[in-house]
Amino acid sequence: MKNYSIEELQEKYDLELDKVISEIKKSKFKFVLLQFPDGLKPYATAIVGFLEEKTNTEFLIWLGSCYGACDTPVLPKDIEKKIDLIIQFGHNEMMPNY
């Protein structure tokens, strides 16, 4: 399995990670769930590593399906109660930017 770098990701996509970092810091979120479509899942650990370096936050990666904004994860209640924020990443015709 290929290890993807955050630099490689940022060359292809603008996921507005600076906005994510700013919101997490501003609101002092401690536990954030990240949800990715299949095409971005290979980059999930690179994104988490980057975000962990920039914030004091713990991240959970949702590996289930993600078919759009209405497809929110169904989580066990004990985990759901701990989550401060859910971020859904996706692509559209404006992305990638090459």
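The values are calculated or read from the model by the stated rules, or taken from the named source; none is laboratory data. No experiment lies behind these values; they were computed from the predicted model shown. Virtual Cβ from ideal backbone geometry, glycine too; neighbours counted across all protein chains shown.
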Checklist line | Residue pairs meeting the criteria (Cβ under 7 Å; at least 6 apart or on separate chains; first modelled with pLDDT under 75, in the stretch 69-98; second of a type in the set (S, T, N, Q) and assigned to a loop (DSSP other than H, G, I, E, B)) | finding: Asp71/Ser65
Notebook entry, point to check: Of all residues in the stretch 1-47, which are within 18 Å of Leu85 (Cβ to Cβ), among the charged types (D, E, K, R) and in contact (Cβ under 8 Å) with a residue 40 or more places away in the chain?
Noted result: Glu23, Lys30
Margin query: For the stretch 8-49, which positions are of a type in the set (A, V, I, L, M, F, W, C) and outside any helix (DSSP H, G or I)?
Written below: Leu15, Phe29, Phe31, Val32, Leu33, Leu34, Phe36
